[in-house]
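J.: Sharing a structure, written as structure tokens. Questions coming.
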Amino acid sequence: SSPVIFLGRRPHAEAVQAVRAADVCINMRDGCLGTKSLEYAAIGRRQVAFETEGSLYKKEHLLMQKPEEYERLLQSFPNKELGINLNIGHLNLAANAFGFSRKEFVDQIAENIVAMELSHNNGLEDQHLPLEKDQWYWSLIEDSRFENVKKILEFRNIHISKIIKNIKLIEEKAH
């Protein structure tokens, strides 16, 4: 069996099983796992879950972008009951918008991370681009604390050849 699973147009129950079994999940279609944060939480045996947010241009309209918001929230959920789907693209945007350290933020929520959505952006827009070599996020992706955390490639309007190239890049970094 492959450590990489393409979710595509799988039925919901089958997609959940694929997420449980895969090392890397690729969602080729928006809405494939409409409640994906909840699914990842269930897989991680958490009671509540949601995705991190971030936007430079909508920063006044989104919740859960700043470390202090997570600090207050995590105090309400003892024993790691809260699962967080860390979107590294959103993290980059929020850190740029609010001027906080990405590393310190990840350290703050590390015990609650149940999944990571991986994409690259320029720090200004949520572009959902393929990952690039020698970027800030590789130390996070390769961090031993997250070895068993599901990694989801979240790209938009990308040719399959670039997706395959990114899968190979991840495999190279993993070995």
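J.: Would you grab the residues whose amide H sits under 5 Å from the one on residue 117? Only those 5+ places off in sequence or on another chain, please, with H modelled 1.01 Å from N.
T.: 86, 87, 88, 152
J.: Please list, in chain and number order, the residues 5+ apart from residue 83 or on another chain whose amide H is under 5 Å from its amide H, with Hs placed from the backbone.
T.: 47, 48, 49, 50
J.: I would also like to ask the following. For residue 145 paired with residue 124, estimate the spin-label separation in nm (one decimal), with each label point 7 Å from Cα along the Cα-to-Cβ line.
T.: The modelled label-to-label distance comes out at 3.2 nm.
J.: Follow-up question, since we're still on this one. Once ligands and nucleic acids are excluded and a 1.4 Å probe is used, how much of residue 98 is accessible, expressed in Å² to the nearest 10?
T.: Taking all protein chains as shown, residue 98 has close to 60 Å².
J.: Continuing with the same structure: How large is the accessible surface per residue of the stretch 84-136, computed with a 1.4 Å probe and reported in Å² as a whole number? Spell out each step's value before the answer.
T.: On the way: 2000 Å² over 53 residues.
About 38 Å² of surface per residue is accessible.
J.: Same structure, new question: Work out how much length residue 135 to residue 172 would gain on full extension: take 0.36 nm times their residue separation and subtract the Cα-Cα distance, in nm to one decimal.
T.: Numbers: separation 37, 0.36 × 37 = 13.32 nm, distance 1.48 nm.
Between residue 135 and residue 172, full extension yields an extra 11.8 nm.
J.: For the stretch 85-97, just list the computed ³J(HN,Hα) in residue order, Karplus coefficients 6.51, -1.76 and 1.60, θ = phi - 60°, integers in Hz, with x standing in for Gly and Pro.
T.: 8, 7, 8, 5, x, 5, 4, 4, 5, 5, 4, 5, 5
J.: A further question on this structure: Evaluate the distance, in nm, between pseudo-label points positioned 7 Å from the Cα of residue 103 and of residue 76 along their respective Cα→Cβ axes.
T.: 3.1 nm
J.: Next question, about the same structure. Got a number for carbon plus sulfur as a percent of the stretch 84-175's accessible area, 1.4 Å probe?
T.: Working: 2080 of 4530 Å².
Heavy-atom surface of the stretch 84-175 belonging to carbon and sulfur, 1.4 Å probe: 46 percent.
J.: With r defined as the distance between the Cβ atoms of residue 161 and residue 110 and R0 fixed at 41 Å, what FRET efficiency is calculated, to the nearest 0.05? Walk me through the numbers before you get to the answer.
T.: On the way: r = 34 Å, r/R0 = 0.83.
Efficiency, from the Cβ-Cβ distance: 0.75.
The values are calculated or read from the model by the stated rules, or taken from the named source; none is laboratory data. As the structure is a prediction and not an experimental result, all values here were calculated from the model. Note that each Cβ is placed from the backbone with ideal geometry, even for glycine, and that neighbours are counted across all protein chains shown. Remember, those area values only see protein heavy atoms, side chains included, never the ligands or the DNA or RNA. Shrake-Rupley method; radii C 1.70, N 1.55, O 1.52, S 1.80 Å.
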